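Following: one structure in C-alpha cells, then a few remarks.
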Amino acid sequence: MTNSLFVLTLLLMVSYSGISWHVFHFSQASTVSARNLGREQAVLGLVLLFHAFAVLAPVMDATVLSIGVGRALAIMAWLMLLIYWTASFFYRVDGLQLFLMPLAVLTLGFSIIFPGYHVVPDAGNPAFLLHILVSMLAYSLFAISAMLAILMLVMERALHSKRQTPLIRQLPPLLSLEKMMFQVLGVGFILLTVTLLSGVVFSESVLGKPAALTHKTVFGVISWVVFGGLLLGRKFYGWRGRVAIRWTLIGFVMLMMAYIGSKMVLELILHRP
C-alpha cells in the first residue's frame, strides 16, 4: 500500500467514525428536526467515492487482479454501504448506517494490517471480471440480510421486554425490516445462482480444469440450498420471525465459510497466496 492510499484509508476511517457519531448523537436526542438527511446523503456519497478508489485502485493492474482477504472485506463493506446509500433514496433505512459504518472502519483497518496477496489469472477477461463483481454483490447482499436478521432479533427481544432505546425507536418497524430482508435475499439468491453457474464455466476456461468438489464449492452449494429453502418456505408456508432469522444466519455463515473463511485460512494461517 502506497503512502497516499494509507493516508486516504485513515481519512476514510475517521470520516465513517465521524458520520456514525453524528447519527448516533441525533438518535439519542428527543428531536431529529436539526438533522439534514439530504446533506448526510451527499457527504456519504462523497466518502463512498473516495472509498471506491481506496479499495479498488490497489487490486487493479493492467493484466493482474489481486484481491487479498483484507481488501476483499473492504470491498464488501463498500458495496454494502453503496447499496444502503442507494436504497436510502427510496426506502426508510435510516439507522442501519450505525451498523454498516463501524463495519467499514473495521474492514478498512483490516485491509491495512492484512492486505493479502491473491492474484487472479486472466484479469483482462471482461466476462470473468463480471463474474467476480456478481459474486461480491451476492456476498454483500447476503451480509446485509444477515445484519437485518440480527436487527430483527434485537428488536423482537426489545419489544418483548418492553424496553426500547432511542436507537431502537429510530430503526424501521419490525415488519419493514422483515420485508426488506426477504427482498434482499431474493436478489442475492439470483446473483448467487449466477455466481455458482458461471464459476463452473470459468473454472475450465480460465483455470484449465473442471470444477472440483472443494470445501469452497461444498459450502457454496449448501448456502444456496439453505437460502433457496428459506425463500420457498416463505412463499409456500409463510415462514417469518425467528425461523426466517435462523435460516438467514445459517446460510450466511455457510457462504462466508465458502469464501472469506477459506481466504483467511490460506492467507493468515497457512500464509499461502
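None of the figures in this text is laboratory data; all of them are computed from the coordinates on show. Remember, it's a predicted structure, so these values are computed and weren't measured experimentally. Virtual Cβ from ideal backbone geometry, glycine too; neighbours counted across all protein chains shown.
Most exposed first by the Cβ proxy, i.e. fewest other Cβ within 10 Å, how do Met101, Met257 rank?
Least to most surrounded, the residues fall as Met257, Met101.
After finding the eigenvalues of the alpha carbon gyration tensor for the stretch 146-188, what semi-axes result from the square roots of 5 times each, listed largest first in whole Å?
21, 9, 8
May I ask you to sort Arg242, Arg163, Arg234 by Cβ crowding, counting other Cβ atoms within 10 Å and putting the fewest first? Could you put the intermediate results ahead of the total?
Working: Arg242 12, Arg163 9, Arg234 18.
Ordered from fewest to most neighbouring Cβ atoms within 10 Å, Arg242, Arg163, Arg234 come out as Arg163, Arg242, Arg234.
If each of Val14 and His160 carries a label point 7 Å out from its Cα toward its Cβ, how far apart are those two points in nm?
Each label point lies 7 Å from its Cα, and together they span 4.4 nm.
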